[in-house]
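This report concerns only the one structure given below.
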Amino acid sequence: MLRTIIGFFPAVLLFGLLYGVPVWLCILLPFFVAGAKLTAASALLLRYEKTGKSVNENMPPKLSWTLTALLLAAAFGLPCLNALLPLPAVLILVLLGIAAGLPGAVRIARFPSYREICQLLLAEKKYGTDYTQAVKKANAERQQKMISPETGITSSKKGFEYFNELFVKRHRKILWRSAERIALILLAVMLGVLLLIRINPELREQVNRSMSVLLPYFAFVMYLINRGTIFTTALFMNCDHSMLTYSFYKKPSFILKLFRIRLREIIKINLLPAAVTGAGLTAVLYFSGGTENLLNYVIFPLTVIVMSIFFSVHYLTLYYLLQPYNIHTQVKSGAYTAVIWITYMVCYLFLQLRLDTLAFGLAATAFCIVYCIAACILVYKLAYKTFRLRS
């Protein structure tokens, strides 16, 4: 814990002072981080005492990921809406976090069964269930459980439409579950914002002012919530890694036809959270005081949907042109990784922009149309060479 405090202290102090954070808060924050880590570690030890189950820190339970996602959403989302906690509330939370870590430190110091936990974890590694192998096995098992075992699934369609519909029906949980969960979380966030601006007039005015330049931020949001990688991984793992052994499957006309069908499906999946986001932003704009430019009520949902379509096209195009996966669904394409990182950086830079809603919306729509046309052309011209199995 001392290493955690020492490691965080210079960074927190430097960036805190640069952005006007009080010195006393910069000093307390590293202790808050240590307190949170102590609390989490003691909770895992308590779980072991009660259930006998040890937890590898590299494979935390599902609750940890859910809590992390919610906290990250609050950390990035609330500042974008100018909904900041007052300093007294921050002080209370920080002190509570530090205080919660004290009994955790006592439990960690007095815990008597470290030897047994280490033996369990080392035994898992000895018998081939180390972190990398465990992740592969867990992913495969999870994917298999989410594939419908029903043998009666059928379709009235023909050709590639038939092929695609069977795939979508059998893999509905994989393809749709995360999108549905994200849509529910976004709906809850939007309803929470609407409630806050209703009970807080000052916040209502701040939110209304920020809405005029807020739209570019949602390029980053749509990047984060897009299900493109889940879709392409499912395609490769459960379909293409077998079908790519057949030469007819790589004919340009067949590739383009299946690309269009799959593009339609991935757009439908991503439209669910996009529609919730667009409708929520429009509602927030209206109930926070509205706007004189009525076109903004159309631009907000339209631009969010356009960005969702762009990322759907983007990920599927990368899949066909760079096909990054090997037989174990590991990413083995340096070019694919580089493009994903560039995409992330560009979307992150949009967080720094202050652009007019109408101008950004029109530019995003035009870019999406051009990109979609170019993607179809490139897939038709090149995918028969690039869409292949990797060793």
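The values are calculated or read from the model by the stated rules, or taken from the named source; none is laboratory data. Computed from a predicted model, the values in this text were never measured in an experiment. Here Cβ is always computed from backbone atoms with ideal geometry, including for glycine, and neighbour counts include all displayed protein chains.
Can residue 366 be described as in contact with a Leu (Cβ under 7 Å, 6 or more places away or on another chain), small (Gly, Ala, Ser), assigned to a helix (DSSP H, G or I) and farther than 23 Å from residue 273 by Cβ? Answer is no for this residue.
Which residues, taken from region 237-265, are over 20 Å from residue 331 (Cα atoms), part of a helix (DSSP H, G or I) and of a type outside the set (D, E, K, R)? Reasoning before the result, please.
Within region 237-265, the first condition is being over 20 Å from residue 331 (Cα atoms), and the residues that meet it are 246-265.
Those left that are additionally part of a helix (DSSP H, G or I): 247-250, 252-265.
Selection gives 247, 248, 249, 252, 253, 254, 255, 256, 258, 259, 261, 263.
Consider region 330-357 and keep the residues that are among the hydroxyl-bearing types (Ser, Thr, Tyr) and within 24 Å of residue 260 (Cβ to Cβ). The one that is farthest from the chain's Cα centre (by Cα) is 333. For the structure I just gave you, tell me whether residue 388 is at pLDDT below 90, among the charged types (D, E, K, R) and within 24 Å of residue 265 (Cα to Cα). It is true that residue 388 is at pLDDT below 90, among the charged types (D, E, K, R) and within 24 Å of residue 265 (Cα to Cα). State which residue pairs qualify: first residue among the hydroxyl-bearing types (Ser, Thr, Tyr) and inside region 283-304, second residue in a loop (DSSP other than H, G, I, E, B) and surrounded by fewer than 18 Cβ atoms within 10 Å (Cβ to Cβ) in any location, beta carbons under 9 Å apart, and separation of 6 or more residues or different chains. Close Cβ pairs satisfying both conditions: 297/290; 297/291. Are there any pairs with C-beta distances below 9 angstrom linking a residue in region 352-371 that is touching a residue at least 24 places away in the same chain (Cβ under 8 Å) and surrounded by 16 or more Cβ atoms within 10 Å (Cβ to Cβ) to a residue that is of a type in the set (Val, Ile, Thr) and assigned to a loop (DSSP other than H, G, I, E, B), with the two at least 6 apart or on different chains, and if so which? Pairs found: 357/291. Kindly establish whether residue 197 is surrounded by 14 or more Cβ atoms within 10 Å (Cβ to Cβ), under 26 Å from residue 313 (Cβ atoms), in contact (Cβ under 8 Å) with a residue 24 or more places away in the chain and of a type outside the set (Asp, Glu). When the stated conditions are applied, residue 197 does not pass them.
Looking across region 320-339, the residues that are in a helix (DSSP H, G or I) and out of contact with any Leu (no Cβ under 7 Å at 6 or more places or on another chain) come down to 320, 322, 334, 337, 338.
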